[in-house]
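Structure, as structure tokens:
The values are calculated or read from the model by the stated rules, or taken from the named source; none is laboratory data. A quick note: this is a predicted structure, and the numbers were derived from the prediction, not measured. Don't worry about glycine lacking a Cβ; one is built from the backbone with ideal geometry, like all the others, and counts go over all protein chains shown.
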Amino acid sequence: MKFQTISKPSKSKFTEKGSKFLGFAFPVGDKASIDTLLHDIRKTYYDATHHCYAWQLGYGKNMTFRYNDDGEPSGTAGKPIYNAITRLDLTNVLVLSVRYFGGTKLGTGGLIRAYGTSASNTLAAAVIKTVEHGDKIRFVCSYEHHPIIMRTINQYHIISLDQEFAENVSVDVEIDEKNTEHVLQDVKNVTNGGVLGKILNTC
């Protein structure tokens, strides 16, 4: 499965009616890294009025997300930031907008536009990359079976491949999850049940 994320952190800054918005985007891999980044931003910009954010993790059926208004009126900060993420079809990303209140209230519509602009500007400054992940399968076979197995799995799109040659041959192949069961069955068939694959992890 392919998904898009950002390759490195990015940031932006703009002012709306005296309020200053600092935007930050980070590539993330898990909730722990998100919590650490949120803590660091809040500590660094401790004097800001609001620290609003949205994040999305995973892909397919395992995708999760969250957004937070941090005291702004409900739906005016976290949601427009999250919308900027989904508009670009991104995941494994955290986007924050740190606001310093400038003395003039922006109103509901103004806040939605301001936070949306902050997030969009921040992601526009980022480098977007495509990442491909699949299921990793291990086959342990004899040297006799090895070329037969390789011919079989080479009929499919291979994301990554690692082989170890010792007393037996260990083949670790990563393929798109939609082909997992086909590859397992095909290898079983061509080796007359002699080689059974083991799924190392499911993405």
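Structure values in brief
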| read-out | value |
| --- | --- |
| One residue from 158, 149, 112, 199 being over 30 Å from residue 74 (Cα atoms), buried (at least 19 other Cβ atoms within 10 Å of the Cβ) and of a type outside the set (Gly, Ala, Ser) | 149 |
| Pairs where the first residue, in segment 1-19, is assigned by TED's automatic domain parsing to the domain that holds residue 87 and in a strand (DSSP E or B) and the second is of a type in the set (D, E, K, R) and buried (at least 18 other Cβ atoms within 10 Å of the Cβ), C-beta under 8 Å, 6+ apart | 19/99 |
| Residue selected from segment 54-78 under the condition assigned to a strand (DSSP E or B) and touching a Ser or Thr at 6+ places or on another chain (Cβ under 7 Å), by the criterion nearest to residue 21 (Cα to Cα) | 56 |
| Candidate set from segment 176-185 (those that are under 19 Å from residue 163 (Cα atoms) and touching a Ser or Thr at 6+ places or on another chain (Cβ under 9 Å)); member that is modelled with the lowest pLDDT | 180 |
| Where residue 189 falls short, out of the listed (1) more than 26 Å from residue 61 (Cβ to Cβ); (2) touching a Gly at 6+ places or on another chain (Cβ under 7 Å); (3) not aromatic (Phe, Trp, Tyr) | (2) |
| Residue 168 polar (S, T, N, Q) and touching a strand residue (DSSP E or B) at 6+ places or on another chain (Cβ under 7 Å) | yes |
| Whichever residue in segment 15-45 is surrounded by 15 or more Cβ atoms within 10 Å (Cβ to Cβ) and in contact with a Gly (Cβ under 9 Å, 6 or more places away or on another chain) and, among such residues, is farthest from residue 124 (Cα to Cα) | 19 |
| Residue within segment 85-98 that is more than 30 Å from residue 2 (Cα to Cα), free of Cβ contacts under 8 Å to residues at least 24 places away in the same chain and touching a Lys or Arg at 6+ places or on another chain (Cβ under 9 Å) present | no |
| Qualifying position, being basic (Lys, Arg), within 30 Å of residue 58 (Cα to Cα) and in contact with a strand residue (DSSP E or B) (Cβ under 8 Å, 6 or more places away or on another chain), among 198, 178 | 198 |
